[in-house]
Amino acid sequence: MSDTPQPAPRDTSGEPGSVVEFPASSGGVSPPGNNLPLELSSLIGRGREIADVGHLLSGHRMLTLTGPGGSGKTRLAMAVAREVVQQYEDGAWLVELAPLSEPELVPQAVASVLGVREAPGSPLAGTLADHLRPRTVLLVLDNCEHLLEACAELAETLMRACPNLKVLATSRQALGVEGEALFVVPPLSLPDPRRPPAAGGLSGYEAARLFVERASAANPGFALTERNAVAVAQICRRLEGMPLAIELAAARARVISAEQIASRLEGSFSVLARGGRTAVAHHGTLRATMDWSHDLLSEEERILFRRLSVFSGGFTLEAAEAIGTGGDIDEEEVLDLLTSLVDKSLVLAEERVGQARHRLLETVGQYSSEKLGESGEEERIRRRHAEYYLTLAEGAEDALKGMRQAEWLDRLEAEHDNLRAAIGWALAQGKSEIALRLTASAAHLRYPRGYLSEGRKQLEAALALGGPASPRARAKALTEAGFFALEQSDHDQGQRSLEQSVLLYRELDDTYGVAHALECLVIAKTRLGDFGRATRLQEESLALFRELGHKLGAARSLNNLGILAQKQGDYERAIRLHQESLALLRAVGDSFTIGCALGLLAQASLRQGQLERSVALLEESQSLLRRLGDKLTLATTLRNLGEAMLRQGDGARAASVYGEGLALATDVGAKTTVTDCLEGLAEVALTRGQPARAARLLGTVEALSGVGGSAPPPLDSSRLDREGPRAAARSQLGGEAFEAARNEGVAMSLERAVEYALETPETPEEPPSRSPFFPAGLSAREVEVLRLVANGLTNAQVARKLFISPRTVNTHLTSAYRKTRSATRVEAARFAQEHDLL
């Protein structure tokens, strides 16, 4: 667990569901992971294109499918990805870029799909490269055309750093990346205009098969006959084999015949009589199809259709009712109108985690947005959209502090693109009050799900607007901006923002606001080393929460005071504080904060030598965090659990737990936890008689920590003694052999070090030239105890150093006395010095 005081609980659930599957190397014959969506309708034809694209992809690191909107680029990319996914050990991962508007969100979108969190102080592109470097992955970037430069930059960065990464992109134009291959998506095959079409012969043409299948879906009574074959052929040729245009036309078969569709299209498309089959002509074909389809809508359908364009990334029926009503549309009419738009293929209906959602295809959405702009009501509808999602986000804040945390985070995650769109509109229009409240409320999603840079940037942009806004909205945004700055290691800026927030809340006489801002300010004071001031501020916060009867706030404050007590060595007080916090949290039912409190209590118990209790607490903590999908905090908990198990003498379980913690920490770029787990696995290696392996892992830890020699790395962790494993490995191997193995570890890349650490050696190491055993038959633990005693530590001090009880220290020391034939501490120290154990 983090040993820095924490603010209000921010759960870190992953994708929807109670258990989160994170992308990682698959073992055995299990299929690779992927997030490729299930097809809701069949893909007609494209067999040749799938084969051609697959062949191109096998010979190029990056391949871009190009073509106009509606040409079927995304469907083809998905079909190819499903076809080749087995070739990628670590899966194929789709990143949908259409809902994004800001170039800097591209790396964040990729990170969100891959389950990679931002690492404070590190560019996200670098963290992604670290994650992908050892993996064999196909990354599918869909709809890049409006973010070309950002997509190209990220793709090039990742491909240069990750030798086994391939990128499949879709875009209306090439990205311009070095080595990029292009595939222009062709139209569907068309009936020959020189030959009279026959019903039997039309099935050989992809465009005709698509029209017939979609028309039959819209109208089960529709069938291809000799009578309508000519009309079907005319429709397909008029629409130039464009899949989206054909689907829009086929949807009309529900109410009119193929002959009527062909006739109406002929009139609508007279302006396209000239021009060849270029991308521009195809775009014109789709545009005319959209105009034709729009003209056939009722006035109420047109109104709702254009209003739906304000949504980004999909919407629920409730949202459509809130934004779509007004004027000629009543709320109870929205469902029927929406159903009609779905029937006409202008809106897609999907089901996600048991809830129906709707969305517009990118091309359709762009057309709809144009219509909204022409209507004169865009400003009013976009404001309504922003206010709806502000209400949703603010209403979720209390729910995020109870037993339904994961459920509400999933709900907010599903609406993240809408929140982005609402914030973007508020910032662009200078709506200070809405921008401040939206960015502050969205922070409750953005912190746990890893959107730190985006959240901080938008909070600071809202604060910089300077327009009219309530002091309370500004104070709340300052609190969140300060916290985000702290999480990105900008402690000075974080402290300044939080101090301003406290002042504003005091002026408002807002007791809860003061209490919450103070507990965030405690983080800054703690990280800056001012433990005394941090303790006083946290005690004030605790008193305010108790005055309000706010159990969750009081519980958090008690946890933070416990952390501060641990930092100052008062473990007994820390245990009391964490126990009191847990009692309050269990009454509230805040699962995430309970998981954190259990881990903190386990840390204090471990320092007191209460090994069994510490293990039990950490087991409960990791079980809770695993269900919530909190990858970062789970990694830290597993690190601590591995250490507690190792102190218990259970090396096998410790190795397994350390290994899982290492894999998770590597995925999220948590460098401190990575190095801690590597060092823990080095200690496991020592217990297994593998000193050279231990020395290599210790060398890697030194390289990652930026320190040299045998000095312990200055990492912020729960570990108290980092010199012991080095001394033990050096003693078992001898100085020369230790340095040789250590240097091998220093030279390892992070990826190789993690791979090496997770390997399970099948046989013990060959004995080095010098015996790997300690003199007089001493065990590794006895040597640790003897070394510390020789350095003047009392039994109680040794116990705290090694996380064992004073009684256990005495047992090890008595055994060491017997083996070395020593009667006193002085004689034992002399033996240790003579045998190079110090």
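The values are calculated or read from the model by the stated rules, or taken from the named source; none is laboratory data. None of the values given here were measured: they were computed from a predicted structure. FYI the Cβ positions are ideal-geometry reconstructions off the backbone, even for glycines, and counts take in every protein chain you see.
Observations
- The criterion of at least 2 residues that are modelled with pLDDT of 65 or more and among the polar types (S, T, N, Q) is met, among helices (runs of 4 or more DSSP H) falling completely within segment 677-774, by 691-705, 723-733.
- The condition of being out of contact with any strand residue (DSSP E or B) (no Cβ under 7 Å at 6 or more places or on another chain), modelled with pLDDT of 90 or more and not in a helix (DSSP H, G or I) holds for only one of Ser312, Ser345, that being Ser312.
- Residue match in segment 79-87 (condition: outside any helix (DSSP H, G or I), buried (at least 20 other Cβ atoms within 10 Å of the Cβ) and either within 23 Å of the chain's Cα centre (by Cα) or polar (S, T, N, Q) (or both)): no
Per-residue answers, yes or no, for (1) of a type outside the set (D, E, K, R); (2) surrounded by fewer than 24 Cβ atoms within 10 Å (Cβ to Cβ):
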site	(1), (2)
Thr439	yes, no
Leu452	yes, yes
Pro471	yes, yes
Ser497	yes, no
Glu507	no, yes
Thr535	yes, yes
Glu540	no, yes
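- Members of segment 191-211 that are assigned to a loop (DSSP other than H, G, I, E, B) and surrounded by fewer than 17 Cβ atoms within 10 Å (Cβ to Cβ): Asp192, Pro193, Arg194, Arg195, Pro196, Ala198, Ser203, Gly204
- Restricting segment 31-90 to residues that are among the hydroxyl-bearing types (Ser, Thr, Tyr) and not assigned by TED's automatic domain parsing to the domain that holds Val113, the residue that is farthest from Arg209 (Cα to Cα): Ser41
- Cβ separations smaller than 8 Å between residues 6+ apart or across chains give no pair from segment 149-166 residues that are outside the structural domain of Leu57 (by TED's automatic domain parsing) to residues that are modelled with pLDDT under 95 and among the small types (Gly, Ala, Ser).
- Residue check, Leu124 in contact (Cβ under 8 Å) with a residue 40 or more places away in the chain, among the aliphatic types (A, V, I, L, M) and under 20 Å from Pro163 (Cβ atoms): no
- Note on segment 604-621: residues that are surrounded by 24 or more Cβ atoms within 10 Å (Cβ to Cβ) and at pLDDT 90 or above total 6.
- Taking (1) at positive phi; (2) out of contact with any Pro (no Cβ under 6 Å at 6 or more places or on another chain); (3) in contact (Cβ under 8 Å) with a residue 60 or more places away in the chain in turn, Lys457 satisfies each apart from (1).
- Number of residues in segment 263-309 that are at pLDDT 80 or above and over 17 Å from Ala245 (Cα atoms) equals 12.
- Some residue of segment 489-505 being outside any helix (DSSP H, G or I) and either in the same structural domain as Pro103 (by TED's automatic domain parsing) or of a type in the set (A, V, I, L, M, F, W, C) (or both): no
- Qualifying residue in segment 562-576 (condition: surrounded by fewer than 20 Cβ atoms within 10 Å (Cβ to Cβ) and either within 30 Å of the chain's Cα centre (by Cα) or assigned by TED's automatic domain parsing to the domain that holds Gln797 (or both)): no
- Residues (assigned to a helix (DSSP H, G or I) and within 15 Å of Val106 (Cα to Cα)) located in segment 150-169: Ala150, Cys151, Ala152, Glu153, Leu154, Ala155, Glu156, Thr157, Leu158
- Restricted to segment 366-389, and to residues there that are among the aliphatic types (A, V, I, L, M) and in contact (Cβ under 8 Å) with a residue 60 or more places away in the chain, the residue that is nearest to Glu433 (Cα to Cα) is Ile381.
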